[in-house]
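The values are calculated or read from the model by the stated rules, or taken from the named source; none is laboratory data. Since this is a predicted model, take the numbers as computed values, not measurements. When we count neighbours, we look across all protein chains shown, and the Cβ atoms used for this are built from the backbone with ideal geometry, even at glycine. Each accessible area value is taken on the protein alone, full model and side chains, heavy atoms only, with ligands, DNA and RNA left out. Shrake-Rupley method; radii C 1.70, N 1.55, O 1.52, S 1.80 Å.
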Amino acid sequence: MSPRENKTARPITDFLLADHRRLETLLQSAVAQAGSVDQGAYDQFRAGLLRHIGMEEKILIPAAQRLRDGEPLLIASRLRLDHGALATLLIPTPTAAVIATIRSILEEHNILEEGPGGLYEICDKLAGSEAAQLLAKLQAAPEVAVLPHSDTPTVMNTVHRALERAGYAFRGNET
């Protein structure tokens, strides 16, 4: 999840890049102590990532489609698959394998959003004079209610299916 700053950043890009960095810091804090997870930092990361995904899924991607006269972005389906895999990975208790898988997905996923020609740059260009209004909607996005972790076999099967649909593999030998 190394920074991939866009040098021509605009309001939407700046806001969402800052949120990526905040989430990266929280995840790093959660695993700073080798062999254990700081549950408080992880809970903040988890809630923050779900809010971030919600901002993109409920505000940003639909706005881009609207601004393209109903034409979806080419990367929208890829982003949605990644978002689904990430959200599903937040259900089980965080383990080394779960966190490694999250990090692996975010490394690829963040390039699609942050990189040149990525989601954020596209949205800043599309929004034009509406950028401030779109930014205000993103900033006002509500916090997300987070349920307790669940480690049932059904949950883990769902995790594996979501990863497979998105083209990822679980990083570790846990099932």
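Can you spot a residue in region 168-175 that is among the acidic types (D, E), touching a residue at least 60 places away in the same chain (Cβ under 8 Å) and in contact with a helix residue (DSSP H, G or I) (Cβ under 6 Å, 6 or more places away or on another chain)? Yes, some residue in region 168-175 is among the acidic types (D, E), touching a residue at least 60 places away in the same chain (Cβ under 8 Å) and in contact with a helix residue (DSSP H, G or I) (Cβ under 6 Å, 6 or more places away or on another chain). Do we have V144 as closer than 18 Å to A30 by Cβ and not acidic (D, E) here? The answer is yes for V144.
Taking helices (runs of 4 or more DSSP H) as the structural unit, those lying wholly within region 57-153 and holding at least 3 residues that are within 16 Å of L163 (Cα to Cα) correspond to 76-89, 96-114. For region 122-133, state whether one or more residues are of a type in the set (D, E, K, R), touching a residue at least 60 places away in the same chain (Cβ under 8 Å), in contact with a helix residue (DSSP H, G or I) (Cβ under 7 Å, 6 or more places away or on another chain) and within 17 Å of R46 (Cβ to Cβ). No, the conditions are met nowhere in region 122-133. Taking every residue in region 66-79 that is farther than 17 Å from E114 by Cβ and pairing it with any residue that is among the β-branched types (V, I, T), at least 6 positions away or on another chain, the pairs with Cβ-Cβ distances below 9 Å are P72/I61.
Which of the residues spanning region 37-64 are more than 14 Å from the chain's Cα centre (by Cα), open to solvent by less than 20 Å² (accessible area, probe 1.4 Å), touching a residue at least 24 places away in the same chain (Cβ under 8 Å) and closer than 18 Å to A100 by Cα?
Residue satisfying the conditions is Y42 alone.
Regarding S77, is this residue open to solvent by 50 Å² or more (accessible area, probe 1.4 Å), at pLDDT below 95, over 24 Å from Q39 (Cβ atoms) and of a type in the set (S, T, Y)? Reasoning before the result, please.
Details: open to solvent by 50 Å² or more (accessible area, probe 1.4 Å): yes; at pLDDT below 95: no; over 24 Å from Q39 (Cβ atoms): yes; of a type in the set (S, T, Y): yes.
When the stated conditions are applied, S77 does not pass them.
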